[in-house]
Every structure is written in C-alpha cells, then in structure tokens.
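Got a structure for you, written out below as structure tokens; questions coming shortly.
The values are calculated or read from the model by the stated rules, or taken from the named source; none is laboratory data. All values derive from a computational prediction rather than experimental measurement. Cβ: placed from backbone, ideal geometry, glycine included. Neighbour counts: every protein chain shown.
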C-alpha cells in the first residue's frame, strides 16, 4: 500500500511518501498555502487530493500537534479540521500521529547530516516513518 505523510501547517504542508512493503518514508515536497481568512483547515485539501490521486495513495498519515508548549489549541483545532476535510474529500483512511519534536529533529537532520529536503518535508517524513515504525 502507498502512504502519504503530512506535516500540516497554517502556511505550509510538508509531504512525504512511503509504502507498506519497504516501510521507508521519503521527503517529497512542501506545498505553500495562500492564507485566506476563514479557510483555515480547508486550504491545502485539494492540493493533497491531487497528490493522493497522482501517487495512488491508499492511506494518509497526518501529524497532530498534541500537548506541547509550542502549540495553541487553535492549531490543534485547525489541524483536526484539515484532517476531517481530507477524510471526507478523499475517502481514504487518515491516521493521526503525534508530531511533537519533528520540527527540531528535521532541523537537526539538516544541520548535522546536510539533508537537502525542506524542513517541512523532512518533518512529514519523520511523521510517516514514526507511523511505519509503530505499526
């Protein structure tokens, strides 16, 4: 099965891909959103749907900002809204994974190992890899 990993943000969405055979996640790209007031949690769904269809994705894994000092309850609410909109629009299974520390880890990958992918795509990779490692 093909999977897409998502690091959802208010301005950017990090994307990673992987499959259940190899259980290896790879960073792909970052989608930049046009911020439209009142559309938070809706923006980006169509772009992700295009990727789901183009890549033959069977399931989606989205990072959720669970309790941490860096996230507000508004961010969690908007992320949950995005997930629900994606579930309805795509019809595929959407898993939720704790995304705490993925931003710090993606920064470390860039600084210590010279990773060339954008940080949000690396965060999406870490989210998806976490799902593979724990399931």
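How many residues are more than 18 Å from residue 32 (Cβ to Cβ) and in a helix (DSSP H, G or I) if we restrict to region 103-124?
Adding up the residues that qualify gives 9.
Also, quick follow-up: Restricting attention to region 20-41, does a residue exist that is modelled with pLDDT of 95 or more, on the phi > 0 side of the Ramachandran plot, surrounded by fewer than 16 Cβ atoms within 10 Å (Cβ to Cβ) and not assigned by TED's automatic domain parsing to the domain that holds residue 79?
Looking through region 20-41, at least one residue is modelled with pLDDT of 95 or more, on the phi > 0 side of the Ramachandran plot, surrounded by fewer than 16 Cβ atoms within 10 Å (Cβ to Cβ) and not assigned by TED's automatic domain parsing to the domain that holds residue 79.
Right, here's the next one. Of these, 51, 17, which one is modelled with pLDDT of 95 or more and surrounded by fewer than 20 Cβ atoms within 10 Å (Cβ to Cβ)?
Details: 17 fails: surrounded by fewer than 20 Cβ atoms within 10 Å (Cβ to Cβ).
Going through 51, 17 in turn, the sole match is 51.
Take the residues of region 65-84 that are buried (at least 19 other Cβ atoms within 10 Å of the Cβ) and in contact with a helix residue (DSSP H, G or I) (Cβ under 9 Å, 6 or more places away or on another chain): which is modelled with the highest pLDDT?
Checking each candidate, the answer is 82.
Does region 92-103 include one or more residues that are modelled with pLDDT of 95 or more, out of contact with any strand residue (DSSP E or B) (no Cβ under 8 Å at 6 or more places or on another chain) and outside the structural domain of residue 58 (by TED's automatic domain parsing)?
No, region 92-103 has no match at all.
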